[in-house]
Amino acid sequence: MTEENKWAKVIAERLSDEWDGKSDFPEDAELLKDVLFLALSAVPDKCMQLVGTGIIEESYFETID
């Protein structure tokens with residue numbers, strides 16, 4: 001998995017997990033996650049612009065001591 005795809009995956013997971021309808025429509029949340037991953041993977045430069053914003057922290061993959 002490329003670095004960009006790794007970020008696309010966690011961004012898609014975060015956004016779909018925080019969607020208001022997740023508890024009422026869990027299957028739709030999974031679909032949303034899949035669609036977001038595909039979309040973010042298709043435009044890696046745009047995906048990487050989200051890193052370090054309020055969407056996802058730049059330190060997301062750093063281990064906590």
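Please treat every number below as a calculation from the coordinates, not as lab data. This is a predicted model, so every value here is computed, not measured. Note that we place each Cβ from the backbone using ideal geometry, even for glycine, and neighbour counts take in every protein chain shown.
The helix-only estimate of mean residue ellipticity at 222 nm for the chain, built from DSSP H runs of length n ≥ 4 each weighted as -39500 (n - 2.57), is -18500 deg cm²/dmol after division by the residue total. For the pair Val10 and Ile55, the difference between a 0.36 nm per residue extended length and the Cα-Cα distance amounts to 15.2 nm.
Rounded to whole Å, the principal axis extents of the Cα atoms in the chain read 33, 31, 20, largest first. Annotation: extensible slack from Thr63 through Glu18 equals 13.9 nm (criterion: 0.36 nm per residue apart, minus Cα-Cα distance).
When only Cα pairs below 8 angstrom with a gap of at least 6 residues are kept, the range 3-46 shows a relative contact order of 51 percent. Summary of packing: across the peptides 39-51, 23-35, the per-residue average of other C-beta atoms within 10 Å ranks them, highest first, as 39-51, 23-35.
Couplings 3J(HN,Hα) of the range 48-59, computed from phi: 5, 5, 7, 5, x, 10, x, 6, 8, 6, 5, 8 Hz, in residue order, whole Hz [Karplus 6.51 cos²θ - 1.76 cosθ + 1.60, θ = phi - 60°; x for Gly and Pro].
To the nearest ten degrees, helix 3-17 and the longest principal axis of the Cα atoms of the chain are 30 degrees apart. By the count of other C-beta atoms within 10 Å, a proxy for reagent exposure, Trp19, Trp7 are ordered fewest to most as Trp19, Trp7.
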